[in-house]
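The values are calculated or read from the model by the stated rules, or taken from the named source; none is laboratory data. None of these values were measured; they are calculated from a predicted model. Note that each Cβ is placed from the backbone with ideal geometry, even for glycine, and that neighbours are counted across all protein chains shown. Heads up: the accessible areas ignore ligands, DNA and RNA and are worked out on the full protein's heavy atoms, side chains in. Shrake-Rupley method; radii C 1.70, N 1.55, O 1.52, S 1.80 Å.
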Amino acid sequence: MTGQIVRHAGRVEAVRLRFAAVHEASAVVVGDETVYGRLCRWIIHPVLEKHARQDELVAYVEENLRLIVAGLYDLYGVRAPAPDPVREAAIPSLVAPVEEATTAALERIAPLRDVLDDLTGLPDVVAAHAVTWYNIAVEQQAMADELEEFLELDVPEWTGADEHVRLMSHNVEALRGLSSVSAAFGEITESVGVLVAQTRRLVRELVVGLAVAPTDATLWRLACRIAVYGVALNTTLDHIRARLNG
């Protein structure tokens with residue numbers, strides 16, 4: 001039985017090591033608020049506040065698994081394997097790459113592009129952040145499923161494993177809850193990304209439309225665009241409030 005328990009501890013430890021990729025990806029998506037631009041940055045602040053709590057819970061579950069693994073090794077007097085840097089380095093990254101998008105002619109002028117970036121943010125980067133949140137959610141769900149499978153396959157042959165099953169079950173459910181929250185963050189970030197892109201287009205159109213002698217038709221078109229933007233902003237805020245309070 002000792003061999004089975006040690007093998008089980010190794011499997012749990014392998015899952016715990018994957019938290020490094022979650023931490024890395026989580027740090028990337030909240031590391032730079034400027035990607036939302038001055039005009040939209042305030043919208044994402046409630047998400048960032050919730051994210052701090054999410055990080056605490058992720059660290060809590062990871063520490064729980066570390067203590068469980070260490071306890072299993074200590075209980076049976078087995079020395080824990082030394083850390084394997086190669087194995088840890090091979091853990092896939094969850095950070096989604098930023099896809100290059102076609103830029104408008106106006107944005108090829110560096111000073112104007114810099115002003116647009118500062119005011120309206122980087123929609124391509126925000127879109128990548130949304131994908132990263134979804135990657136985190138999928139990984140957390142996969143970790144929960146694997147831990148549950150280990151409990152079903154390894155533990156039934158043990159004697160007196162009820163307490164271990166109870167503790168591990170709490171961690172499985174916690175990971176599933178974290179996965180749901182990460183998916184919600186992905187949805188919110190995706191919605192804000194659409195708004196950031198609309199903001200960028202609107203500001204760009206305003207610059208172009210007002211840089212030349214504006215006609216009544218131009219002003220009417222811009223007024224319509226602003227009205228549509230106002231509706232989109234209200235819809236996005238309602239969506240964020242619903243997801244954060246849901």
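In this structure, is Gln4 assigned to a helix (DSSP H, G or I), over 20 Å from Val138 (Cβ atoms) and in contact (Cβ under 8 Å) with a residue 40 or more places away in the chain?
yes
Any idea how many residues of segment 7-28 are among the small types (Gly, Ala, Ser), open to solvent by 40 Å² or more (accessible area, probe 1.4 Å) and either in contact (Cβ under 8 Å) with a residue 12 or more places away in the chain or closer than 12 Å to Leu65 by Cβ (or both)?
Final tally of qualifying residues: 1.
Filter segment 29-54 for residues that are assigned to a helix (DSSP H, G or I) and either open to solvent by 60 Å² or more (accessible area, probe 1.4 Å) or on the phi > 0 side of the Ramachandran plot (or both) and give the result.
Glu33, Thr34, Gly37, Arg38, Leu39, Trp42, His45, Glu49, Lys50, Arg53, listed by residue number.
Report yes if Glu107 is open to solvent by 10 Å² or more (accessible area, probe 1.4 Å), of a type in the set (Asp, Glu), at pLDDT 80 or above and touching a helix residue (DSSP H, G or I) at 6+ places or on another chain (Cβ under 7 Å), otherwise no.
It is false that Glu107 is open to solvent by 10 Å² or more (accessible area, probe 1.4 Å), of a type in the set (Asp, Glu), at pLDDT 80 or above and touching a helix residue (DSSP H, G or I) at 6+ places or on another chain (Cβ under 7 Å).
Among the residues of segment 66-92, which ones are surrounded by 13 or more Cβ atoms within 10 Å (Cβ to Cβ) and modelled with pLDDT of 90 or more?
Answer for segment 66-92, where residues must be surrounded by 13 or more Cβ atoms within 10 Å (Cβ to Cβ) and modelled with pLDDT of 90 or more: Arg66, Ile68, Val69, Ala70.
Could you please let me know if Leu94 is outside any helix (DSSP H, G or I), in contact (Cβ under 8 Å) with a residue 40 or more places away in the chain and closer than 21 Å to Ile188 by Cβ?
Judged against the criteria, Leu94 is a match.
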